[in-house]
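So the structure is just underneath, and the comments pick up after that.
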Amino acid sequence: MSNDPTHTETHDGFEGDYRPTSSAAAPAPPRVDPLQLEFLMRIADALNTTLDLQTLLKRTADLVRAVIDYRIFAILLINDRTNDLRMRFQTGHTSDIERKRIKLGEGIVGQVAQQRQALLVNDVSKAPNYISANPQVCSELAVPLIVKNRLIGVIDIESEHLDFFKPEHLHLLQLTASRIGQAIENARLYTRVARQAQTLEVLNEISRDLTSILDPDELLQRISQLLRRIIDFQIFSIWLVDEHEGVLENRFALRFGERFHPEKKLPFDVGLVGAAIASHRLVRVGDVRKDPRYVEINPETRSEMAVPLVYKGKVIGVLDLEHTRAQAFNEDHERALSTLAGQVAISIENARLYQRVTQQEQRLERDMAMAREVQLRLLPPIKPTHTNAEFSARFIPARTIGGDLYDLIQYDPNRSAIALGDVSGKAAPAALYAALVSGIMRSAASLALSPSALLRSLNNSLQDRKLDSQYVVMLYAVWNDANRTLQVANAGATQPIICRGGEVETIKAEGFPLGLFPNVEYEEFTLSTQPGDSLLFFSDGITDAQNEAGEMFGDDRLKVVVQKNHQKPASKIADAILAEVGKFQHGKEHFDDETIVVLKVL
């Protein structure tokens with residue numbers, strides 16, 4: 001702007017490309033008349049009834065049009081980050097001009113902002129440095145917006161007529177600027193606070209959502225959806241550390257709203273993501289073309305923001321946002337992403353841990369299913385057949401596999417052995433130990449030993465293979481079909497019961513568990529039976545079964561069931577017992593394995 005008092009300035013209609021020519025200093029403003037007072041009151045009403053910035057700017061434009069019949073109008077505000085002017089409201093300009101950023105000192109608007117003085121240019125064609133973006137523009141009027149001695153923007157009006165603007169127009173626009181500046185600042189502050197509140201709300205929603213999603217792919221997709229509500233990005237990527245290969249591998253990526261799958265893996269120390277990892281801090285670059293650290297993956301990218309995902313002091317990955325527009329990300333975006341990164345890292349690690357646990361559980365389930373199949377194959381495939389006795393057995397493990405074992409071994413056409421054991425512990429360890437016991441017992445049974453001799457042999461074998469805190473209780477009996485006798489020996493198992501003529505008694509047989517002590521001798525006795533007798537061998541899972549109130553099924557209830565069903569076949573007696581136990585438990589989870597062997601004397 002010239003210091004010549006006759007200086008005028010011209011404008012070509014391009015609000016961002018203003019160049020000074022000769023211009024005259026504005027004369028002293030005239031005295032405020034009633035029309036001006038009315039105008040100021042209307043401005044005050046407009047400013048006091050809204051905090052929405054766009055509504056405020058539009059109302060200002062409408063009020064100015066009422067006193068200055070313009071066709072081209074713009075309000076430009078300073079960008080504190082880049083220190084340039086950008087249109088926040090306009091009418092009459094083209095979209096290309098609307099997007100232009102105006103540096104301080106550039107053109108009429110830039111000069112007004114830099115010098116903080118209003119300019120009235122009556123003939124833009126006489127401006128030697130003026131760039132004509134709109135050949136129809138002939139004159140221009142621009143006034144700075146200053147609040148507390150700080151420039152916040154410029155009001156700019158253009159006309160297609162020479163000498164269109166008068167000193168009173170300048171004065172009215174200055175009055176407008178002096179009053180609208182603070183209102184704009186208040187509206188911008190309100191917008192900023194509202195945006196921060198929205199950001200906090202979204203961050204809170206993200207925290208709630210992320211803690212409830214344990215599927216990794218679903219989690220990463222949800223992160224991208226929620227993050228878009230507070231940050232405008234066009235490319236979204238999450239890279240996770242692959243420690244085995246020493247690279248970053250892309251786990252989820254969106255490009256213009258569509259999924260894509262970058263096949264390239266990145267070293268830890270390459271690109272902006274590598275810089276974020278090295279510094280353990282967010283990296284924001286306004287123009288990647290000017291940053292030597294940038295490694296091109298998406299050629300459209302102009303601005304990028306990468307934040308490391310840190311879990312327990314260790315970087316597990318990087319969240320990367322890109323945009324095709326330079327300077328697309330700001331400090332608010334940076335604060336939001338930095339705040340979110342910690343929660344994202346925890347959620348990703350939790351999801352990965354859950355995925356590993358799920359995979360391990362699936363493998364375990366497959367292994368347990370195979371183990372159950374093996375355990376079931378260890379059970380006797382067929383029952384012994386005798387003229388004077390029938391056998392039936394039932395086995396319900398408390399888990400997928402259990403620690404109870406039973407066997408029915410036919411020594412010869414006249415004799416058969418009954419074995420029922422309960423290994424200490426539960427689930428897989430108990431089942432493995434039960435398989436060991438079953439194998440040793442089967443081997444010893446091939447010698448057709450008496451009950452006491454077999455228990456003694458089995459105990460000695462387990463002493464040779466002793467495992468800490470592992471033992472087994474077992475009842476072993478041999479049925480002689482010729483004389484209807486039962487030889488019985490007990491190694492700490494639940495005592496069997498016999499029902500004769502509707503009367504139920506406990507068979508008193510005791511002994512030390514197998515595998516605890518060496519050189520143990522086991523007592524053996526012979527029980528004579530009569531046709532119609534029912535003998536029941538069972539594990540403590542039957543009597544110890546509990547209902548919802550914590551009561552146990554107990555010996556008395558078991559004896560009642562046997563009494564009611566003693567005339568039935570062996571299989572019906574076994575089914576009746578299990579049915580009553582299940583009814584008593586009423587859906588409560590089984591605490592222990594439940595095993596029954598019934599011998600019915602015919």
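No value in this document is a laboratory result; all are computed from the given coordinates. From a predicted model like this one, the values you see are computed outputs, not experimental measurements. Note: ideal-geometry Cβ built from the backbone for every residue, glycine included; neighbour counts use all protein chains shown.
With a/c under 1.5 counting as rounded, go ahead and sort the range 34-192 into rounded, prolate or oblate using the C-alpha gyration tensor (a ≥ b ≥ c being the square roots of the eigenvalues; past the cut-off, prolate if a/b is larger than b/c, else oblate).
Numbers: a/c = 1.66, a/b = 1.20, b/c = 1.39.
The shape class here is oblate.
Round to a whole angstrom and tell me the spacing of the C-alpha centers of the range 310-369 and the range 567-594. The distance from the Cα centre of the range 310-369 to that of the range 567-594 comes to 50 Å.
A dipole drawn for the range 187-325 from +1 and -1 charges on Cβ atoms has a positive end, and of 247, 272, 214 the residue lying farthest that way is 272. Against the chain, whose longest principal axis is taken from its Cα atoms, helix 216-227 shows a tilt of about 20°. For the range 213-355, the relative contact order comes to 26 percent (Cα pairs under 8 Å, sequence separation of at least 6).
Summarising the amide proton neighbourhood of residue 52: residues at separation of 5 or more, or on other chains, whose placed amide H is nearer than 5 Å comprise an empty set. Considering the chain at the alpha-carbon level, its Rg and Dmax are found to be 45.5, 140 Å.
For the chain, the relative contact order works out to 9 percent when only alpha carbon pairs closer than 8 Å and six or more residues apart are counted.
Using the 10 angstrom Cβ neighbour count as an exposure proxy, how do 285, 121, 597, 560 rank, fewest first?
On the way: 285 22, 121 30, 597 27, 560 13.
In order of increasing Cβ crowding within 10 Å: 560, 285, 597, 121.
Near residue 383, which lysines are there with a Cα under 23 Å away, not counting those fewer than 8 places off in the same chain? Counting by Cα, and skipping residues close in sequence, residue 383 has these lysines nearby: 568, 572, 600. For the range 213-355, the Cβ-based charge dipole about the Cα centre amounts to some 260 debye (Lys, Arg positive; Asp, Glu negative; other atoms uncharged).
How high is the relative contact order of the range 69-148? Use alpha-carbon pairs under 8 Å, at least six apart in sequence, and give a whole percent. Walk me through the numbers on the way to the answer.
Numbers: 105 pairs, mean separation 16.2, N = 80.
This gives 20 percent for the range 69-148.
Rounded if a/c is under 1.5, else prolate if a/b is larger than b/c, else oblate: which is the range 213-355, with a ≥ b ≥ c the root eigenvalues of its Cα gyration tensor? The shape class here is rounded.
Relative to the first principal axis of the alpha-carbon coordinates of the chain, what is the inclination of helix 34-48, with its axis defined by its Cα atoms, in degrees from 0 to 90 and to the nearest 10? Relative to the chain, helix 34-48 is tipped by roughly 10 degrees.
Between residue 383 and any residue 5 or more places off or on another chain, the built amide H atoms are never under 5 Å apart.
Each residue of the range 164-175 was assigned a 3J(HN,Hα) from its phi angle through the Karplus expression (A = 6.51, B = -1.76, C = 1.60, θ = phi - 60°), giving 6, 8, 10, x, 5, 4, 4, 5, 4, 5, 5, 4 Hz with x at Gly and Pro.
Sorted ascending by nearby beta carbons within 10 Å, beginning with the fewest, 169, 261 become 261, 169. Positive-end ranking of 173, 89, 159 along the dipole of the range 34-192, with charges on Cβ about the Cα centre, is headed by 89.
Taking a cut-off of 18 Å between Cα atoms, list the aspartates and glutamates near residue 583, but don't count ones fewer than 8 places away on the same chain. Correct list for residue 583: 540, 544, 548, 551, 555, 556, 575, 592, 593, 594.
Please report the antiparallel percentage of DSSP beta bridges with both residues in the chain, rounded to the nearest 5.
Values: 108 of 109 bridges.
Rounded to the nearest five, the antiparallel share is 100 percent.
For residue 138, the residues whose modelled amide H falls within less than 5 Å of its own, excluding neighbours fewer than 5 places apart on the same chain, are 159, 160, 161.
Where only DSSP H runs of four or more residues are counted, the chain gives -12500 deg cm²/dmol as its mean residue ellipticity at 222 nm, each run worth -39500 (n - 2.57).
When +1 charges are put on Lys and Arg Cβ atoms and -1 charges on Asp and Glu Cβ atoms, the dipole computed for the chain relative to its Cα centre reaches about 340 debye.
Computed from point charges on the beta carbon alone (+1 for Lys and Arg, -1 for Asp and Glu), the dipole magnitude for the range 381-601 about its Cα centre is near 520 Debye.
Among the listed pairs 58/100; 314/426; 264/314; 265/314, which have their C-alpha atoms separated by more than 30 angstrom in this model?
Values: 58/100 20 Å; 314/426 39 Å; 264/314 23 Å; 265/314 20 Å.
The answer is 314/426.
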